[in-house]
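S.K.: Attaching a single structure in structure tokens format; questions to follow.
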Amino acid sequence: VLGTIQETETIKHRILVPPGTSGELEEIAPGGEYDLESTIGRVRDDQGHSHRLGLYHRWPVRKPRPYSKRDDGVAPLITGQRVIDTFFPQLKGGSGAVPGPFGAGKTVVQQQIARWSNADIVIYVGCGERGNELVDVLESFPQLDDPYTGRKLMERTLLVANTSNMPVVAREASVYVGITMAEYYRDMGYDVVMLADSTSRWAEALREVSGRLGQMPVEEGYPAYLASRLAAVYERAGRVATYGAGSGSVTLIGAVSPPGGDFSEPVTSHTKDIIETFWALSKELADARHYPSIDWVTSFSGHVHTAAQWWHEEVDRNWEKRRTQALALLARDAELSRIVNLVGPEALSDAQRWELEGASLVKEGVLQQSALDEVDTFCSPQKQYALLELALFVFKRGAALVELGVPVQELQNLPLMAKVRRCKSMYSSDQVEEIAALREEVGQAFEKIRIQYAKQDEQAR
């Protein structure tokens, strides 16, 4: 690092020696104002040749920038989205994908990550998408406050605009431009998130270019090197030790638009084999107005155990246990829902009906999150855990009452149940104590019901 420039109020731009340049520093310019073409220093290499140092780097975008060594990810990328952070976490330096059919909400999910993730730099690549989506980012980000710095989000956001009406060769290059910019800021020691919307449009550009070059097409007309190109791009994500600025990371998240929502098509299937976190969007959930429409059955994360160490230290040591309990309840809900669809709800016992109610609490009170809700658009890890703990507490205490003979309908009609579903929008991330107080209130209400039924049982005896 030769010096620094305050790029924005949030970002300090570190002036780096270009990769591949080494030797003895002969001179360096004093502090002051310089234009982009100014010479700010000279380095003499081992052969005695002098090399000029400037304020910018020239670098071929298809070639990864070098680093000292690659490290394992240690901390999760906090996005403020409960279904991502709590159920399918992504590490800083990891790679992920957001596949989904048209209208499932891919762009909104990516924009939410861009808005609220705890990265130092966010690079948003609009690759072959509609121009109005980039206009929306340009108009909304300068108005939004960063929850981590209190300043405007645009101060740490870079946009690579390549809309669908631009040349196809430029579209093919846009993802490489974005990842190279991400590596440049990574080399300054920053944690960078790059969002590519979408890699399907990028793959279509590869297909069109390869067709014009007369190369042999394979499945669905894509070139034979599609998988290797995808892997080469996602491989450039990672947490590394830089040569002069400590540790930095690039987290790469790509949207995938499979035609007709078919996840078996080449781009989606190859991407699924490469990446570590898979947030599959469901058209059925989107049609039911359940947003984010991330399907908890088909999504996965390979970072759960590593992320659990952070959650246990920073939030609560029972995080992984509660997450497992919630996913088990959702899996049970999927089984029971199939039975209900076949033979109707009358075939279920009271305990099974309460399991459906408990899963509904998790889905509505935890998983659903409106990007347009001023209170709930961002959710801190502490609030995320408090909401999950509340839903599971209600289910567990209710299950004990149902076992005593309390009708499920009586519990469902309690006014507190509606309040449990709504509390995500009632209390902000700074009001975790109020969520804990609501849990105590529910516990007291359930205890009154238990005492009442225990007395009735004694009288019956």
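The values are calculated or read from the model by the stated rules, or taken from the named source; none is laboratory data. Just so you know, these numbers come straight off a predicted model, no measurement behind them. A quick note on method: Cβ atoms are made from the backbone with ideal geometry, for glycine too, and the neighbour counts reach across all protein chains shown. To get the accessible areas, we keep the full protein, side chains included, count just its heavy atoms, and leave off ligands, DNA and RNA. Shrake-Rupley method; radii C 1.70, N 1.55, O 1.52, S 1.80 Å.
S.K.: Hey, does region 76-89 have a residue that's among the hydrophobic types (A, V, I, L, M, F, W, C), part of a helix (DSSP H, G or I), at pLDDT 95 or above and open to solvent by 20 Å² or more (accessible area, probe 1.4 Å)?
M.R.: No, there is no match, as no residue in region 76-89 is among the hydrophobic types (A, V, I, L, M, F, W, C), part of a helix (DSSP H, G or I), at pLDDT 95 or above and open to solvent by 20 Å² or more (accessible area, probe 1.4 Å).
S.K.: While we're looking at this one, here's another question. Can you tell me which residues in region 157-195 are hydrophobic (A, V, I, L, M, F, W, C) and in a strand (DSSP E or B)?
M.R.: L158, L159, V160, A161, V192, V193, M194, L195
S.K.: Would you check which residues across region 17-27 are surrounded by 15 or more Cβ atoms within 10 Å (Cβ to Cβ) and of a type in the set (A, V, I, L, M) and list them?
M.R.: Scanning region 17-27 gives a single hit, V17.
S.K.: Oh, and also: Which one is farthest from the chain's Cα centre (by Cα) among residues in region 38-54 that are of a type in the set (V, I, T) and open to solvent by less than 30 Å² (accessible area, probe 1.4 Å)?
M.R.: My answer is V43.
S.K.: I'm checking my understanding of the structure. Among residues of region 161-182 that are surrounded by 22 or more Cβ atoms within 10 Å (Cβ to Cβ) and β-branched (V, I, T), which one is farthest from Y56 (Cα to Cα)?
M.R.: Only one residue tops the list, namely V175.
S.K.: In region 124-144, which residues are open to solvent by 20 Å² or more (accessible area, probe 1.4 Å), in a helix (DSSP H, G or I) and not acidic (D, E)?
M.R.: G131, N132, V135, L138, S140, P142, Q143
S.K.: Let me ask something else about it. Give region 259-275 a look and list any residue that's crowded, with 18+ Cβ neighbours inside 10 Å and not hydrophobic (A, V, I, L, M, F, W, C), or say none.
M.R.: Once the filter is applied, which keeps residues that are crowded, with 18+ Cβ neighbours inside 10 Å and not hydrophobic (A, V, I, L, M, F, W, C), region 259-275 yields G261, E265, P266, T268, H270, T271.
S.K.: If I filter region 184-196 down to residues being open to solvent by less than 20 Å² (accessible area, probe 1.4 Å) and within 19 Å of the chain's Cα centre (by Cα), which single residue comes out as nearest to T79 (Cα to Cα)?
M.R.: Looking at the filtered set, the residue picked out is V193.
S.K.: Just for region 55-75: of the residues that are open to solvent by less than 80 Å² (accessible area, probe 1.4 Å) and under 30 Å from F378 (Cβ atoms), which one is farthest from the chain's Cα centre (by Cα)?
M.R.: D71
S.K.: Provide a single number: the residues in region 172-188 that are without any contact (Cβ under 8 Å) to a residue 40 or more places away in the chain and either among the basic types (K, R) or within 13 Å of S247 (Cα to Cα) (or both).
M.R.: Adding up the residues that qualify gives 0.
S.K.: Within the set of pairs 6 or more residues apart or between chains, which connect a residue that is within 11 Å of Q111 (Cβ to Cβ) inside region 140-157 to a residue that is of a type in the set (S, T, Y) with Cβ atoms less than 6 Å apart?
M.R.: Every condition considered, the pairs that remain are F141/T157.
S.K.: Looking at region 77-93, can you tell me whether even one residue there is out of contact with any Phe, Trp or Tyr (no Cβ under 8 Å at 6 or more places or on another chain) and farther than 30 Å from E389 by Cβ?
M.R.: No: zero hits.
S.K.: Let me ask something additional. Can you tell me which of (1) over 21 Å from V218 (Cβ atoms); (2) hydroxyl-bearing (S, T, Y); (3) open to solvent by 20 Å² or more (accessible area, probe 1.4 Å) is the one S282 doesn't meet?
M.R.: With respect to (1) over 21 Å from V218 (Cβ atoms); (2) hydroxyl-bearing (S, T, Y); (3) open to solvent by 20 Å² or more (accessible area, probe 1.4 Å), S282 is out only on (3).
S.K.: Taking into account only those residues within region 288-321 that are charged (D, E, K, R) and open to solvent by 40 Å² or more (accessible area, probe 1.4 Å), which is farthest from V432 (Cα to Cα)?
M.R.: Within region 288-321, the match that is farthest from V432 (Cα to Cα) is R289.
S.K.: Can you find, within region 145-156, the residue that is modelled with the lowest pLDDT among those that are part of a helix (DSSP H, G or I) and in contact with a strand residue (DSSP E or B) (Cβ under 9 Å, 6 or more places away or on another chain)?
M.R.: If we take residues in region 145-156 being part of a helix (DSSP H, G or I) and in contact with a strand residue (DSSP E or B) (Cβ under 9 Å, 6 or more places away or on another chain), then L153 is modelled with the lowest pLDDT.
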